[in-house]
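Notes follow once the structure below has been shown.
The values are calculated or read from the model by the stated rules, or taken from the named source; none is laboratory data. Given the structure is predicted, the values throughout are model-derived calculations rather than measurements. Note that each Cβ is placed from the backbone with ideal geometry, even for glycine, and that neighbours are counted across all protein chains shown.
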Amino acid sequence: MKKLIAAFCLLCLVLPVSAGRLLPDNLVVGTLGAMDETGIDFVRGDRTLLQRLGALIAAESSHFALAPGVRILDDHNRFLLSGQLNHLNGRTVGVTFDQQGNINRIWVLGDEEIEAQKQRQAQTSP
């Protein structure tokens, strides 16, 4: 009986690791840029051609403030400190924004997650 309980506990520990992580529906995918004391550069990857042309005429801000208590998760779902963001310069990430337009969550995306997000975007685009 003890072996059965131990096997069940081990199985419960392994299943969440193999299941992957759930990303929110309102995730915005883009590229992370440099960070300074006022915020971080984030270039959205889901802009349409019309939005890109509009950005040439009127400069679109790509600098966002970080919300107090921002959560940063690497591609293995481990928490990172905000001081480690400079090491992620140029990486593809997913972010969510709070009601004030500040970035409140950052997920460093792996290759499989990037492909899944591209497929998801292709399905929702007309």
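Worth a mention:
- Identity of the residue in region 76-101, among the hydrophobic types (A, V, I, L, M, F, W, C) and surrounded by 14 or more Cβ atoms within 10 Å (Cβ to Cβ), that ends up nearest to Leu23 (Cα to Cα): Val95
Listed here are the residues, each with its yes/no results for (1) modelled with pLDDT of 85 or more; (2) aromatic (Phe, Trp, Tyr); (3) assigned to a strand (DSSP E or B).
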| site | (1), (2), (3) |
| --- | --- |
| Ile40 | yes, no, yes |
| Val43 | yes, no, yes |
| Leu53 | no, no, no |
| Val70 | yes, no, yes |
| Asn86 | yes, no, no |
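- Within region 30-46, being surrounded by 11 or more Cβ atoms within 10 Å (Cβ to Cβ) and out of contact with any Asp or Glu (no Cβ under 6 Å at 6 or more places or on another chain) holds for Gly30, Thr31, Leu32, Met35, Gly39, Ile40, Asp41, Phe42, Val43, Arg44, Gly45, Asp46.
- Contacts under 6 angstrom Cβ, first residue in region 94-119 being part of a strand (DSSP E or B), partner among the basic types (Lys, Arg), 6 or more apart: Thr96/Arg105; Arg105/Arg71; Val108/Arg91
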